Amino acid sequence: MNKTINEIATLLDLGKVTSSELVDAAMKEIENDKGQGRTAFIKSYPAQAKIQAIAIDKLRAAGVVLSPIAGVPISIKDLFDVAGEVTTAGSQVRKMCAPAIQDADVVKQLRSAGAIVVGRTNMTEFAFSGLGLNPHYGTPLNPWDRETSRIPGGSSSGAAISVSDNMAVAGIGTDTGGSVRIPSALCGLTGFKPTAARVSMLGAFPLSTTLDSIGPLARSVECCAILDQIMRGESVGLLRDRPLETLTLAVPQTIVFEDIEEKVANDFNRALVKISKLGAKIIDIPFNVLSEIPRANAKGGYAAVEAFGTLRNLLKKDPNSFDPRVAVRIQRGEEMSAYDYIELMNARKSICEMSNKISMDFDALLMPTVPITAPILKDIEASDELYHDMNLLMLRNCSFGNFLDRCAISLPIHEEGTAPVGLMVMGETNGDVKLLEIAKTIEATIRK
């Protein structure tokens, strides 16, 4: 299944593979004792998936094709409601909560398009970390240098590994500060974070009701565009071409390159050279207002205060069942006053206005998705201080997009056989389609 959605759709149309065969292959990987299925998935649906695949195969034989993802195995993050099941959000403390009455909106849209949901993927507890560790269900390992056991990135850790290890053609995750883009960058995938309001969050367990967004992790920009359209309930259409020579792209010089690893810097610069040589205009710009975002978030930010609002009762009732590193971050929200929250909202509005003025003359911003490659898991597990420092570094660049409510996508730019590195392309608020079109052009250039 190491193929794009369109490649698989073509094979299905030509009768060279069936949905049943795709599901069998996915389940074989999920259930492989020597693989990552046990940590990538919190729950899988072998029986339901096989029944659905047979039904889709029968429809296809009768000439009915619901969408490009009809009969395609897709994974969903463990914070999406599935009717009749408890949504645990990667935690232990919600196991006794009431089951969901209906599927989350995005799950409904996927099923209506014929997608085969193969299971619920593992994640950082309550999606509150960019590293991907989970002490309750285990941590799936990065596909690169697996013998060393490196982190997958988070919080959509299982979603990334489900795709990298061919347990799903694509994974659906959420992104509050980089939780789709970070694991995509670290695992060599493409990950799209839309403008927050673009895809319905109904039936998705929230981390931050202000910053949360829903996006796909997949193998290409076109895969992400297809899934974005389907999750919005739209007909699937083609992305229009945006020739490189028509693009003016900005590279912010503030903060985003601090503490950058040499490997990331080299891969990023090589990608810029390719893009520039083929016609795009790339301009380095000061973007000093970005330095205001960490200051605005100094007391915990939206995620801490809004997560505390959602989880305070569970945290007080059963604090020992939380991942202590997640609990500490949630508890920061208790310290924020109503005044602090209002001050944060005002700061965000001002920063967004200033940022829009700076970037209005450019088609997109370019920066490293994360400034480092995947750290070693045991090192992160052993040190609270290292966990904290690495988490902040992982989240830094990506979180700018959430704070500014912009759309952004991470594209793999590393050379084959080396540590995965991501290039983040960031668009304007509600400029999602334009961003995907630009990203498709950049993707084709980088892959040459």
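Inspect all residues belonging to region 399-418 and state whether any of them is part of a helix (DSSP H, G or I), more than 16 Å from Gly215 (Cα to Cα) and not acidic (Asp, Glu).
Looking for residues that are part of a helix (DSSP H, G or I), more than 16 Å from Gly215 (Cα to Cα) and not acidic (Asp, Glu), one finds at least one in region 399-418, hence yes.
Can you tell me which condition Arg232 does not meet? The list is (1) in contact (Cβ under 8 Å) with a residue 40 or more places away in the chain; (2) crowded, with 24+ Cβ neighbours inside 10 Å; (3) under 23 Å from Ile8 (Cα atoms), and all the others hold.
(2)
Cβ contacts < 6 Å: first residue in contact (Cβ under 8 Å) with a residue 24 or more places away in the chain and within 14 Å of Asp405 (Cα to Cα), restricted to region 339-353; second residue of a type in the set (D, E, K, R) and buried (at least 16 other Cβ atoms within 10 Å of the Cβ), any location; separation 6+ or different chain. Result?
Pairs that qualify, where the first residue is in contact (Cβ under 8 Å) with a residue 24 or more places away in the chain and within 14 Å of Asp405 (Cα to Cα) and the partner is of a type in the set (D, E, K, R) and buried (at least 16 other Cβ atoms within 10 Å of the Cβ), are Ile351/Glu292.
Quick one: which residue in Asp384, Asp405, Asp389, Asp379 is of a type outside the set (Lys, Arg), at pLDDT 95 or above, surrounded by fewer than 19 Cβ atoms within 10 Å (Cβ to Cβ) and under 16 Å from the mean Cα position of the chain (by Cα)? Break it down into steps so the answer makes sense when it comes.
Numbers: Asp384 fails: under 16 Å from the mean Cα position of the chain (by Cα); Asp389 fails: under 16 Å from the mean Cα position of the chain (by Cα); Asp379 fails: under 16 Å from the mean Cα position of the chain (by Cα).
Sole residue among the options that is of a type outside the set (Lys, Arg), at pLDDT 95 or above, surrounded by fewer than 19 Cβ atoms within 10 Å (Cβ to Cβ) and under 16 Å from the mean Cα position of the chain (by Cα): Asp405.
Just to check your reading of the model, which residue among Ile275, Ile282 is of a type in the set (A, V, I, L, M, F, W, C), more than 30 Å from Ala89 (Cβ to Cβ), modelled with pLDDT of 95 or more and not in a helix (DSSP H, G or I)?
Details: Ile275 fails: not in a helix (DSSP H, G or I).
That would be Ile282, the only listed residue that is of a type in the set (A, V, I, L, M, F, W, C), more than 30 Å from Ala89 (Cβ to Cβ), modelled with pLDDT of 95 or more and not in a helix (DSSP H, G or I).
Kindly establish whether Val180 is buried (at least 24 other Cβ atoms within 10 Å of the Cβ) and either out of contact with any Gly (no Cβ under 6 Å at 6 or more places or on another chain) or of a type in the set (D, E, K, R) (or both).
no
Give the residues of region 242-274 that are in contact with an Asp or Glu (Cβ under 9 Å, 6 or more places away or on another chain) and farther than 28 Å from Met1 by Cβ, sorted by residue number.
Passing the criteria: Arg242, Thr246, Leu247, Thr248, Leu249, Ala250, Val251, Pro252, Gln253, Arg270.
Please verify whether Pro206 is surrounded by fewer than 24 Cβ atoms within 10 Å (Cβ to Cβ), out of contact with any strand residue (DSSP E or B) (no Cβ under 7 Å at 6 or more places or on another chain), closer than 27 Å to Glu234 by Cα and touching a residue at least 60 places away in the same chain (Cβ under 8 Å), treating the condition exactly as stated.
Taking the combined requirement at face value, the residue satisfies it.
Please tell me if Leu278 is in contact (Cβ under 8 Å) with a residue 24 or more places away in the chain and either polar (S, T, N, Q) or surrounded by 18 or more Cβ atoms within 10 Å (Cβ to Cβ) (or both).
Against the criterion (in contact (Cβ under 8 Å) with a residue 24 or more places away in the chain and either polar (S, T, N, Q) or surrounded by 18 or more Cβ atoms within 10 Å (Cβ to Cβ) (or both)), Leu278 does not qualify.
Has region 33-52 got at least one residue that is in contact (Cβ under 8 Å) with a residue 12 or more places away in the chain, of a type outside the set (Phe, Trp, Tyr) and part of a loop (DSSP other than H, G, I, E, B)?
yes
Yes/no per residue for (1) of a type in the set (Lys, Arg); (2) assigned to a strand (DSSP E or B); (3) closer than 30 Å to Pro294 by Cβ; (4) modelled with pLDDT under 95:
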{"residue": "Val106", "(1), (2), (3), (4)": "no, no, no, no"}
{"residue": "Met123", "(1), (2), (3), (4)": "no, no, yes, no"}
{"residue": "Leu141", "(1), (2), (3), (4)": "no, no, no, no"}
{"residue": "Gly154", "(1), (2), (3), (4)": "no, no, yes, no"}
{"residue": "Gly158", "(1), (2), (3), (4)": "no, no, yes, no"}
{"residue": "Ala168", "(1), (2), (3), (4)": "no, no, no, no"}
{"residue": "Gly178", "(1), (2), (3), (4)": "no, no, yes, no"}
{"residue": "Gly191", "(1), (2), (3), (4)": "no, yes, yes, no"}
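Is it fair to say Leu131 is of a type in the set (A, V, I, L, M) and not in a loop (DSSP other than H, G, I, E, B)? Steps first, answer last, please.
Working: of a type in the set (A, V, I, L, M): yes; not in a loop (DSSP other than H, G, I, E, B): no.
Considered against the rule, which asks whether it is of a type in the set (A, V, I, L, M) and not in a loop (DSSP other than H, G, I, E, B), Leu131 comes out as no.
Among the residues of region 300-327, write down those that are under 23 Å from the mean Cα position of the chain (by Cα), assigned to a helix (DSSP H, G or I) and either within 21 Å of Ser91 (Cα to Cα) or acidic (Asp, Glu) (or both).
The answer is Tyr302, Ala303, Ala304, Val305, Glu306, Ala307, Phe308, Thr310, Leu311, Arg325, Val326, Ala327.
Among the candidates Val86, Val23, Val82, single out the residue that is in a loop (DSSP other than H, G, I, E, B), buried (at least 19 other Cβ atoms within 10 Å of the Cβ), within 26 Å of the chain's Cα centre (by Cα) and of a type in the set (Val, Ile, Thr).
Val82
Check off (1) buried (at least 24 other Cβ atoms within 10 Å of the Cβ); (2) aliphatic (A, V, I, L, M); (3) at negative phi for Ala127 and give me the number that stays unchecked.
The one condition Ala127 does not meet is (3).
The values are calculated or read from the model by the stated rules, or taken from the named source; none is laboratory data. The structure displayed is predicted, hence computed values, not measured ones. Every residue, glycine among them, receives a Cβ derived from its backbone with ideal geometry; neighbour counts consider all protein chains shown.
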